[in-house]
C-alpha cells in the first residue's frame with residue numbers, strides 16, 4: 001500500500017511541474033500499464049489542474065501503448081467504461097474525458113469506442129444522469145469532435 005501511495009505521489013508531483021512537456025516525457029518512461037493505474041486514480045483529484053493533466057497524459061500513454069499492444073489499450077478503455085457503470089461502485093470522475101483523449105490520439109480506438117462515448121449523452125442509451133459526469137461527457141465529445149469530426 002505504501003509503495004503505491006509513493007508512486008501516485010510521484011506522478012502527482014510530476015503533473016504539478018511548470019514544464020508539463022518535461023513531466024510528460026518523464027511519466028512516459030514508466031511502464032505504461034503501471035503508470036495508467038496511478039493516472040486513473042488522479043482523475044479523482046479535486047485539483048482541476050492535476051485532474052486535467054492526468055486526462056491528457058492518459059491519452060498520450062494509452063495511445064502510445066496501443067501502437068504496440070492494442071489489447072492492453074482496449075482493457076484500459078473498458079476499465080474507464082466500467083468506472084461509469086452503476087455496478088462498479090464508483091463514479092468514474094474524468095473517465096469520459098480520458099476516453100475521449102485516448103480516442104483523439106488513436107484512430108483505431110476512436111473507431112472502436114467513439115459511439116460508446118456519445119451514448120453517454122443520449123437519453124435512453126447509456127445516458128449518465130449525474131450533472132458532473134454529463135459535463136465530462138460533453139467536454140469529451142467536444143475534444144473528440146475537434147480532433148476527429150468524422151466520428152459520429
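Quick note: the coordinates plus some simple rules give every number you see, no bench work behind them. Everything quoted here is computed from the prediction, not taken from an experiment. Virtual Cβ from ideal backbone geometry, glycine too; neighbours counted across all protein chains shown.
What ranking of 61, 122 emerges when the number of other C-beta atoms within 10 Å of each C-beta is taken as an exposure proxy, fewest first?
Ordered by Cβ neighbours within 10 Å, fewest first: 122, 61.
Can you tell me the FRET efficiency between residue 19 and residue 46 if r is taken as the Cβ-Cβ distance and R0 is 41 Å, rounded to the nearest 0.05?
About 0.95, to the nearest 0.05.
Residue 150 versus residue 71, label points 7 Å from Cα toward the beta carbon: distance in nm?
2.8
Given 0.36 nm per residue, what is the gain on full extension from residue 85 to residue 111 after removing their alpha carbon distance, in nm?
Using 0.36 nm per residue and subtracting the Cα-Cα distance, I get 7.2 nm.
Sort 100-111, 41-52, 71-82 by the packing proxy (mean of other Cβ within 10 Å over each peptide's residues), most packed first. Mind showing how you got there, number by number?
Working: 100-111: 21.5, 41-52: 15.4, 71-82: 17.4.
Top of the packing list down: 100-111, 71-82, 41-52.
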